[in-house]
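The values are calculated or read from the model by the stated rules, or taken from the named source; none is laboratory data. Keep in mind that what you see is a predicted model, and the values were worked out from it rather than measured. Cβ placement follows ideal geometry from the backbone for every residue including glycine, while neighbour counts extend to all protein chains displayed. To get the accessible areas, we keep the full protein, side chains included, count just its heavy atoms, and leave off ligands, DNA and RNA. Shrake-Rupley method; radii C 1.70, N 1.55, O 1.52, S 1.80 Å.
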Amino acid sequence: LDAPPPAEKEVDLREQLKTAADPYAKAMILRELAGQAASQKDYKQAAALLEQALKTNGLSGPAAQQVREALSELTLATGNFKAQLPTLEKRAREPGASPEIFIALGSAYLDLKRYPEAITALKKGIAGSANPDPSWKQALLGALLATGREAEALPLLQEQVRAQPQLRENWLRLAAMAVKAGDKERAAATLELAARQGHLKTSEERLQLINLTAQIGAPFEAGSLMQGWMDEGVLAKDAGNYSTLAALWSRARESGLASAALEQAQRLSPSAERLLQLGQLQMNQEDYARAAQSLEKAINSGAKSGPAWMTLAMARYQQAEVEAAVDAFRQAAEYPQSRKLAQDWLKYLESGAAREQALLALERRQPRG
């Protein structure tokens, strides 16, 4: 030829699809487009195109079956197992079904909350594989826990924690199972290990570890842990947390630390009841002047009771303020629960020796120059 023929333009399948009138031709074009999408790993688009191809009703029986099988494979690739449940059930019944088919079927049942069927299918898939994927066992674990089969789930959960310590959810599950079993020491140990790896993300999770640590008889460690997290800013410095911290220090017999925490809580959220607690802590520290101030404020704020008046009376007496103590004891005597003890103190204070003993005790407490 004197001149080469012009180059043929690349066939545009989508343009052909617009003009194709024959169902068979449309189905073949759609199948070709699906192949292109699958080669680009766009499995969702590929599956959608194959579904369109089937809806044309232009394919013969064997050809349509081939498209359905290809669609099933794409479904496995996209993870949309629930949509292909009938196909997966059929393929799982066929001789020589692969472990992947059972896992996909189990996942479909799991999505539908059909947990017993999910457990059966997942177990078959795991048993049929020489090296099952860790996600398969994770799915089985979820199904077992959802059905309350915790005794069966526990060894699998422990195995998963050892194999994949980076999975935060498994650590929390393991701790929760220990709490449910009443094994607080194991629960606390599990959460402590999780905390060291950075798996405790929420305030609730951190407070759970703090409470468990206190419950197993280690309030000082619990208080230290909470104080550290509050200082780091991962636990809020609010009145509730300061009150909890004060209770922990008090249980650990750290009255000074407990008072400081309670004072912080009181500054953030004034409370008559909290003032009573603060006054009692200050009494324990033999800081009677501050205790009297806290107790007077609490009573003036509405926290009037026999024990409150009795404690205030003792704080005043310890400062040798006998008349003021008498007034407080008389108030305490108005309440049935403290009447007898208050009256006994009033009789004692009527004696001349009471004032002398109070002054002597005060002098002994005063630092000498």
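A few points about this structure:
- The lone exception for residue 120 - which of (1) within 27 Å of the chain's Cα centre (by Cα); (2) open to solvent by 50 Å² or more (accessible area, probe 1.4 Å); (3) hydroxyl-bearing (Ser, Thr, Tyr) it fails: (1)
- Only a single item in (1) surrounded by fewer than 17 Cβ atoms within 10 Å (Cβ to Cβ); (2) in contact (Cβ under 8 Å) with a residue 12 or more places away in the chain; (3) outside any loop (DSSP other than H, G, I, E, B) is not met by residue 258, and it is number (1).
- Of the listed requirements (1) of a type in the set (A, V, I, L, M); (2) open to solvent by less than 30 Å² (accessible area, probe 1.4 Å); (3) over 30 Å from residue 96 (Cβ atoms), residue 141 misses just one: (3).
- Whichever residue in the range 272-289 is modelled with pLDDT under 90 and not in a helix (DSSP H, G or I) and, among such residues, is least open to solvent (accessible area, probe 1.4 Å): 285
- Restricting the range 123-137 to residues that are part of a helix (DSSP H, G or I) and modelled with pLDDT of 90 or more leaves a set whose member that is most open to solvent (accessible area, probe 1.4 Å) is 124.
- Among residues of the range 312-335 that are assigned to a loop (DSSP other than H, G, I, E, B), those with a beta-carbon under 9 Å from a residue that is buried (at least 24 other Cβ atoms within 10 Å of the Cβ) at least six positions away or on a different chain give the pairs 319/292; 319/325; 321/292; 321/315.
- The set of residues from the range 242-255 being open to solvent by 80 Å² or more (accessible area, probe 1.4 Å) and either of a type in the set (Phe, Trp, Tyr) or without any contact (Cβ under 8 Å) to a residue 24 or more places away in the chain (or both) comprises just one member, 253.
- Residue within the range 290-297 that is without any contact (Cβ under 8 Å) to a residue 40 or more places away in the chain, assigned to a loop (DSSP other than H, G, I, E, B) and not hydroxyl-bearing (Ser, Thr, Tyr) present: no
- Residues (under 19 Å from residue 200 (Cα atoms) and either in a helix (DSSP H, G or I) or over 20 Å from the mean Cα position of the chain (by Cα) (or both)) located in the range 223-243: 223, 224, 225, 226, 227, 228, 229, 230, 231, 232, 241
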